[in-house]
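Taking it in order: structure first as structure tokens, then the write-up.
The values are calculated or read from the model by the stated rules, or taken from the named source; none is laboratory data. None of the values given here were measured: they were computed from a predicted structure. Cβ placement follows ideal geometry from the backbone for every residue including glycine, while neighbour counts extend to all protein chains displayed.
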Amino acid sequence: MKHLLSVLALLGAVTFGAPAWAQETAAAAPAVVEAVAAVAEVAVAAAEPAAAPALVPNKGDNAWIMICAALVILMSIPGLALFYGGLVRSKNMLSVLMQVFTVFSLITVLWVVYGYSLAFTEGNAFFGTLDKLFLNGVTIESVGATFSKGVVISELIFVIFQGAFAAITCGLIVGAFAERAKFAAILVFMVIWFTFSYIPMAHMVWYWAGPDAYTDAAAAEAAGATAGFLFQHGALDFAGGTVVHINAAIAGLVGAYMIGKRTGLGSVAMAPHSLTFTMIGASLLWFGWFGFNAGSALEASGGSALAMVNTWVATASAALSWMFAEWIFKGKPSMLGAASGAVAGLVAITPAAGFVGVMGAIILGLLAGVICLWGVNGLKRMLGADDSLDVFGVHGVGGILGAILTGVFADPALGGTGVYDYVANAVAPYDMTAQVIAQTKGVVTCIIWSGVVSVIAYKLVDIFIGLRVPEEDEREGLDLTSHGESAYHH
């Protein structure tokens with residue numbers, strides 16, 4: 001009986017206590033569910049691969065390229081302006097300074113508005129898109145690729161660095177028709193030429209997806225298909241032998257032909273009015289060119305150091321070779337010759353700066369000095385154009401020489417760096433013949449492209465504005481007749 005009462009009491013406790021127990025369990029359920037869900041999320045996160053952290057620019061790389069961009073601007077104003085200004089007659093000094101200064105300003109604005117977008121976004125093989133019009137989407141957080149995997153710089157710095165290149169390229173052209181072209185005609189021509197010659201050449205040679213896209217053979221093929229036309233064909237141009245120098249030189253030569261010779265050429269003295277200014281300008285060009293070439297590595301790296309040393313020694317070699325050649329053939333070494341030789345060396349080493357060894361740079365410089373001396377004398381007479389300040393003889397001849405010989409001296413067997421294979425993450429086997437052919441394709445493409453665009457642009461400007469100032473204005477000097485001021489008051 002006692003056992004039976006005990007069992008009944010136990011059953012009663014369970015029966016009457018069940019609702020309370022169920023209530024407590026129901027109240028605890030959400031907490032349990034949340035805990036289980038949290039555990040599940042952790043498990044899923046652990047199962048998925050972690051997202052790659054965003055690449056952050058190195059402050060040293062950023063600082064270096066900002067300095068280099070400023071150095072390239074120094075090359076144009078005052079470097080190029082004084083170099084050209086000293087070479088003209090005193091009555092045209094300010095006109096040349098004004099042309100270089102204003103063209104630099106004009107191209108700077110156009111670069112930000114649409115130039116950068118068309119040159120450095122993924123489009124077709126010749127032009128990018130307008131996706132970054134007015135630098136849309138370019139912020140303090142956005143980055144640009146360099147030439148090393150996992151290394152980036154701030155995109156805004158890349159914008160100004162490349163914009164300075166565009167501006168000085170257009171400035172180079174004005175030397176070919178100095179002392180006779182209408183100021184308004186120059187500005188309108190520059191807008192057309194910049195849009196249809198500089199931008200596509202920059203895209204063709206320098207646009208690519210960046211090294212991080214080259215993970216395997218299939219990815220490399222896909223990335224390569226989005227690159228610019230000449231990049232796809234393997235043309236090497238470290239800092240602008242084609243994009244800057246040959247491009248500008250052809251435009252200048254075409255302009256010299258289409259605008260015509262200076263009034264009184266051959267019968268009126270047209271000697272440079274201030275070789276002092278020219279020497280100062282050449283020195284500033286040399287100084288600023290370290291930013292132009294060494295900055296094109298886009299990093300504060302060993303490759304940048306190589307480009308800097310090559311820019312140093314090639315320029316010195318060319319200054320000496322031009323001076324000694326002139327000394328031998330003309331009897332006296334001239335300041336103008338030494339300064340011109342230095343610029344010829346700077347031009348020739350530009351496409352090669354980061355690809356050739358130091359001995360290759362010295363040889364390039366020695367050749368550039370002598371060959372460009374012929375370019376501004378013998379070749380100039382053969383061409384018959386009044387290229388006032390020898391834009392083609394120095395930038396055209398030097399650019400062609402440097403671009404083609406880059407294919408020779410980039411060979412590791414001759415001390416060069418070779419061509420890097422981003423899939424294998426090693427230097428690729430080097431084929432000098434194939435590389436020289438690729439370089440020659442780049443040169444020929446640039447000559448034809450710039451030549452055609454230049455002829456059309458000059459013709460359009462001539463029809464609507466006129467290319468040349470009246471003869472009486474030319475005789476009086478462009479400083480007064482075009483700008484109402486004079487460089488010197490006697």
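With the requirement that a residue be assigned to a helix (DSSP H, G or I) and either out of contact with any helix residue (DSSP H, G or I) (no Cβ under 8 Å at 6 or more places or on another chain) or buried (at least 19 other Cβ atoms within 10 Å of the Cβ) (or both), what does the stretch 409-426 give you? Spell out how you get there, then give the answer.
First, pick out the residues of the stretch 409-426 that are assigned to a helix (DSSP H, G or I): 409, 412-414.
409, 412, 413, listed by residue number.
Taking the condition of being within 25 Å of residue 293 (Cα to Cα) and assigned to a helix (DSSP H, G or I), how many residues in the stretch 375-399 meet it? Let's see the steps before the verdict.
Initial filter on the stretch 375-399 (within 25 Å of residue 293 (Cα to Cα)): 375-376, 389-399.
When the remaining residues are screened for being assigned to a helix (DSSP H, G or I), the result is 375, 391-399.
Final tally of qualifying residues: 10.
Residue check, residue 272 against (1) in contact (Cβ under 8 Å) with a residue 40 or more places away in the chain; (2) part of a helix (DSSP H, G or I); (3) not polar (S, T, N, Q), all met but one. Which one?
(2)
With outside any helix (DSSP H, G or I), of a type in the set (A, V, I, L, M, F, W, C) and at pLDDT 95 or above as the only criterion, which of 343, 356, 370 stands out? Let's see the steps before the verdict.
On the way: 343 fails: outside any helix (DSSP H, G or I); 370 fails: outside any helix (DSSP H, G or I).
Just one listed residue meets the conditions, 356.
Looking only at the stretch 187-225, count every residue that is crowded, with 24+ Cβ neighbours inside 10 Å and over 17 Å from the mean Cα position of the chain (by Cα) and tell me the total.
2
Kindly indicate which of 292, 329, 287 is in contact with a Cys (Cβ under 8 Å, 6 or more places away or on another chain) and either modelled with pLDDT of 95 or more or under 19 Å from residue 373 (Cβ atoms) (or both). Step through it out loud before you land on a result.
On the way: 329 fails: in contact with a Cys (Cβ under 8 Å, 6 or more places away or on another chain); 287 fails: in contact with a Cys (Cβ under 8 Å, 6 or more places away or on another chain).
Exactly one residue qualifies, and that residue is 292.
In the set 426, 410, which member is more than 25 Å from residue 370 (Cα to Cα) and modelled with pLDDT of 95 or more? Walk me through how you get there before you give the answer.
On the way: 410 fails: more than 25 Å from residue 370 (Cα to Cα).
Answer to the check: 426.
Go through the residues of the stretch 419-440 one by one and say whether even a single one is under 29 Å from residue 282 (Cβ atoms) and of a type in the set (Gly, Ala, Ser).
Restricting attention to the stretch 419-440, the residues satisfying the condition of being under 29 Å from residue 282 (Cβ atoms) are 439.
This time we only want the ones that are of a type in the set (Gly, Ala, Ser), so: none.
Checked against the condition, which is being under 29 Å from residue 282 (Cβ atoms) and of a type in the set (Gly, Ala, Ser), the stretch 419-440 yields no hits at all.
For the condition more than 26 Å from residue 445 (Cα to Cα), in contact with a helix residue (DSSP H, G or I) (Cβ under 8 Å, 6 or more places away or on another chain) and buried (at least 17 other Cβ atoms within 10 Å of the Cβ), what is the one hit in 236, 230, 253, 284?
Numbers: 236 fails: more than 26 Å from residue 445 (Cα to Cα); 230 fails: more than 26 Å from residue 445 (Cα to Cα); 253 fails: more than 26 Å from residue 445 (Cα to Cα).
Step by step, each of 236, 230, 253, 284 is checked, and only 284 is more than 26 Å from residue 445 (Cα to Cα), in contact with a helix residue (DSSP H, G or I) (Cβ under 8 Å, 6 or more places away or on another chain) and buried (at least 17 other Cβ atoms within 10 Å of the Cβ).
Among residues belonging to the stretch 431-459 that are among the polar types (S, T, N, Q) and buried (at least 17 other Cβ atoms within 10 Å of the Cβ), point out the one that is farthest from residue 261 (Cα to Cα).
Kept after step one, since they are among the polar types (S, T, N, Q), are these residues of the stretch 431-459: 433, 435, 439-440, 445, 450, 454.
Next cut, buried (at least 17 other Cβ atoms within 10 Å of the Cβ) only: 435, 439, 445, 450, 454.
Numbers: 435: 39, 439: 33, 445: 28, 450: 21, 454: 18 Å.
For the stretch 431-459, the residue satisfying everything is 435.
Residue check: is residue 462 among the acidic types (Asp, Glu), assigned to a helix (DSSP H, G or I), surrounded by 15 or more Cβ atoms within 10 Å (Cβ to Cβ) and in contact (Cβ under 8 Å) with a residue 24 or more places away in the chain?
On the way: among the acidic types (Asp, Glu): yes; assigned to a helix (DSSP H, G or I): yes; surrounded by 15 or more Cβ atoms within 10 Å (Cβ to Cβ): yes; in contact (Cβ under 8 Å) with a residue 24 or more places away in the chain: yes.
Yes, satisfied.
Give me a count of the residues in the stretch 51-70 that are under 20 Å from the mean Cα position of the chain (by Cα) and free of Cβ contacts under 8 Å to residues at least 24 places away in the same chain.
0
Inside the stretch 465-490, can you point out the residues that are part of a loop (DSSP other than H, G, I, E, B) and charged (D, E, K, R)?
Applying the first criterion (part of a loop (DSSP other than H, G, I, E, B)) to the stretch 465-490 yields 465-467, 469-470, 477, 484-490.
485 - this is the single residue of the stretch 465-490 that is part of a loop (DSSP other than H, G, I, E, B) and charged (D, E, K, R).
Do we find a residue being more than 21 Å from residue 285 (Cβ to Cβ), of a type outside the set (Phe, Trp, Tyr) and in contact with a helix residue (DSSP H, G or I) (Cβ under 7 Å, 6 or more places away or on another chain) anywhere in the stretch 301-315? Show your work before the answer.
We begin by selecting, within the stretch 301-315, every residue more than 21 Å from residue 285 (Cβ to Cβ); these are 301-303.
The next check asks that each one be of a type outside the set (Phe, Trp, Tyr); those that pass are 301-303.
Going one step further and asking which of them are in contact with a helix residue (DSSP H, G or I) (Cβ under 7 Å, 6 or more places away or on another chain), we end up with 303.
Yes, the conditions are met somewhere in the stretch 301-315.
Within the stretch 193-200, is even one residue small (Gly, Ala, Ser), more than 20 Å from residue 437 (Cα to Cα) and assigned to a helix (DSSP H, G or I)?
Residues of the stretch 193-200 small (Gly, Ala, Ser): 197.
The next check asks that each one be more than 20 Å from residue 437 (Cα to Cα); those that pass are 197.
Restricting the remaining residues to those that are assigned to a helix (DSSP H, G or I) gives 197.
Looking through the stretch 193-200, at least one residue is small (Gly, Ala, Ser), more than 20 Å from residue 437 (Cα to Cα) and assigned to a helix (DSSP H, G or I).
Please specify each residue of the stretch 196-218 satisfying the condition of being in contact (Cβ under 8 Å) with a residue 12 or more places away in the chain and over 22 Å from residue 69 (Cβ atoms).
Step one: filter the stretch 196-218 for residues in contact (Cβ under 8 Å) with a residue 12 or more places away in the chain, giving 196-212, 214-217.
Correct list: 196, 197, 200, 204, 209, 212, 214, 215, 216, 217.
Among the residues of the stretch 78-116 satisfying the criterion of being of a type in the set (Gly, Ala, Ser) and surrounded by fewer than 19 Cβ atoms within 10 Å (Cβ to Cβ), which is farthest from the chain's Cα centre (by Cα)?
Across the stretch 78-116, the extreme among qualifying residues is 90.
When you scan the stretch 406-458, how many residues do you find that are in contact with a strand residue (DSSP E or B) (Cβ under 8 Å, 6 or more places away or on another chain) and farther than 22 Å from residue 224 by Cβ? Explain how you work it out, then say what you get.
Here is the first cut: in the stretch 406-458, the ones in contact with a strand residue (DSSP E or B) (Cβ under 8 Å, 6 or more places away or on another chain) are 412, 417-421, 426-428.
Going one step further and asking which of them are farther than 22 Å from residue 224 by Cβ, we end up with 412.
Qualifying residue count, the stretch 406-458: 1.
Quick one: how many residues across the stretch 51-77 are buried (at least 23 other Cβ atoms within 10 Å of the Cβ) and modelled with pLDDT of 95 or more? Don't jump to the end; show me each part of the working.
Applying the first criterion (buried (at least 23 other Cβ atoms within 10 Å of the Cβ)) to the stretch 51-77 yields 65, 68, 72, 75-76.
Those still in the list that are modelled with pLDDT of 95 or more too: 65, 68, 72, 75.
Of the residues in the stretch 51-77, 4 are buried (at least 23 other Cβ atoms within 10 Å of the Cβ) and modelled with pLDDT of 95 or more.
Restricting the first residue to the stretch 474-486 and requiring it to be on the phi > 0 side of the Ramachandran plot, which pairs with a second residue that is buried (at least 17 other Cβ atoms within 10 Å of the Cβ) and at pLDDT 95 or above meet a Cβ separation below 6 Å and a spacing of at least six or different chains?
These pairs meet every condition: 477/91; 477/92.
With respect to residue 237, is the statement that it is of a type in the set (D, E, K, R), closer than 24 Å to residue 306 by Cβ and assigned to a loop (DSSP other than H, G, I, E, B) true? Steps first, answer last, please.
On the way: of a type in the set (D, E, K, R): yes; closer than 24 Å to residue 306 by Cβ: yes; assigned to a loop (DSSP other than H, G, I, E, B): yes.
Judged against the criteria, residue 237 is a match.
Out of 249, 184, I need the residue that is in contact with a Phe, Trp or Tyr (Cβ under 6 Å, 6 or more places away or on another chain) and aliphatic (A, V, I, L, M). Which one? First the steps, then the outcome.
On the way: 184 fails: in contact with a Phe, Trp or Tyr (Cβ under 6 Å, 6 or more places away or on another chain).
One residue alone meets the criteria, 249.
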